[in-house]
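The values are calculated or read from the model by the stated rules, or taken from the named source; none is laboratory data. Computed from a prediction, not measured in an experiment: that's the story for all the values here. Positions of Cβ are generated from backbone atoms using ideal geometry, with glycine treated the same way; all protein chains shown enter the neighbour counts.
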Amino acid sequence: METEILKAEVLIEAIPYIRRFAGSTVVVKYGGSAMVDEKLKRSVIQDIAMLKYIGLKPVVVHGGGKEITSLLERLGKQSQFLDGLRVTDEETAKVAEMVLSGSIGKALVDELQMVGISSVGISGKDGRSLLCSRKLDEKGRDLGFVGQIDHVDTTLLETLLANNFVPVVSPVGVDAAGNTYNINADYAASAVAGSLSAQKLIFLTDVEGILKDKDDPASILRTLSEQEALGYIADGTIKGGMIPKVQCCLDGLDKGVESVHVLDGRVPHAILLEIFTTKGVGTMVTKEKQA
């Protein structure tokens, strides 16, 4: 009986959050271990389904870097990286599109369909949703067909949402000349969330959240304002690989997203625990400091 009572208390705790967020758009950037481990994958799919069933409008933007590297290796093509960014020639761009828009995107659509959620997989090329130009790295080096998003046309996304579909977006874009670009999935999610005026942008990662000490999970920052984030980057508290993630969070806020969440995708049902419980399980980043 105690277990049943605890379940009821969890549901009651979620009531004000369900009321508050019903009808709002939530963009989920899906990547990391949660895309590889079958149990975690099932947990994420269930969370997205739950968001849809209780009245939110989820949009999924997924990555797939490991899968792209794996297929390139099987094709005998060595991946080249500059400061962690994949150098993408025309052949690599085609492989990326095959993996992202083909195997990964369609598999996610199928999994959502299996739990009763109508879903459609698209890429940024469909409806010219993600218009790109070539992205240079911070040192001005040409990365090839790596896309910088210049414009998001939300017509197709809004049409799908209005007709009760969950869009599953692969981060593949196109330029005015029809060239295909591989886009960093974090920045694609940020651009999509901003253009849709999403209330929440959620990044599923392989870390607990944003930590003050990367080696101490207990140092997690439950809330973080834009000013605090910039200060932590400046003084070296936030460093290394976490800097681009935090910059993506700030980019989402600048584009109009109300709050951005960095969650540990290795925790089952992390999305529901973050949105519908008082404490949450990750880091929530907002423009202003939370009271």
- Note on the structure: Of the conditions (1) within 21 Å of the chain's Cα centre (by Cα); (2) at pLDDT 95 or above, the single one that VAL146 does not satisfy is (2)
- Which of the residues belonging to region 98-141 are buried (at least 20 other Cβ atoms within 10 Å of the Cβ) and part of a loop (DSSP other than H, G, I, E, B)? ILE117, GLY124, SER129
- The condition from (1) of a type in the set (Ser, Thr, Tyr); (2) in contact with a Gly (Cβ under 6 Å, 6 or more places away or on another chain); (3) within 30 Å of GLY144 (Cα to Cα) that SER195 misses is numbered (2)
- Looking at ASP264, ASP215, ASP175, ASP186, which is the one that is more than 30 Å from ARG128 (Cα to Cα), touching a strand residue (DSSP E or B) at 6+ places or on another chain (Cβ under 7 Å) and of a type in the set (D, E, K, R)? ASP264
- Message: Could you tell me how many of the residues in region 146-196 are among the aromatic types (Phe, Trp, Tyr) and surrounded by fewer than 24 Cβ atoms within 10 Å (Cβ to Cβ)?
- Response: 2
- Determine whether region 10-20 contains at least one residue that is exposed (fewer than 15 other Cβ atoms within 10 Å of the Cβ) and in a loop (DSSP other than H, G, I, E, B). no
- Does LYS94 meet the test of being closer than 19 Å to VAL192 by Cβ, surrounded by 13 or more Cβ atoms within 10 Å (Cβ to Cβ) and of a type outside the set (A, V, I, L, M)? no
- Hits in region 242-261 - residues which are closer than 14 Å to TYR187 by Cβ and of a type outside the set (A, V, I, L, M, F, W, C): PRO244, LYS245, GLN247, ASP251, GLY252, ASP254, LYS255
- Can you work out which of the residues in region 64-97 that are of a type in the set (Lys, Arg) and in a helix (DSSP H, G or I) is farthest from PHE145 (Cα to Cα)? ARG74
- Query: Here is a list of conditions, (1) of a type in the set (S, T, N, Q); (2) touching a Ser or Thr at 6+ places or on another chain (Cβ under 9 Å); (3) within 17 Å of VAL27 (Cβ to Cβ), and THR69 meets all of them except one; can you say which number that is?
  - Reply: (3)
- Quick check: is even one residue across region 48-69 basic (Lys, Arg), surrounded by 17 or more Cβ atoms within 10 Å (Cβ to Cβ) and closer than 30 Å to ILE243 by Cα? yes
- Item | Qualifying position, being under 19 Å from PRO244 (Cβ atoms) and modelled with pLDDT of 90 or more, among ALA185, ALA107, ALA177 | ALA185
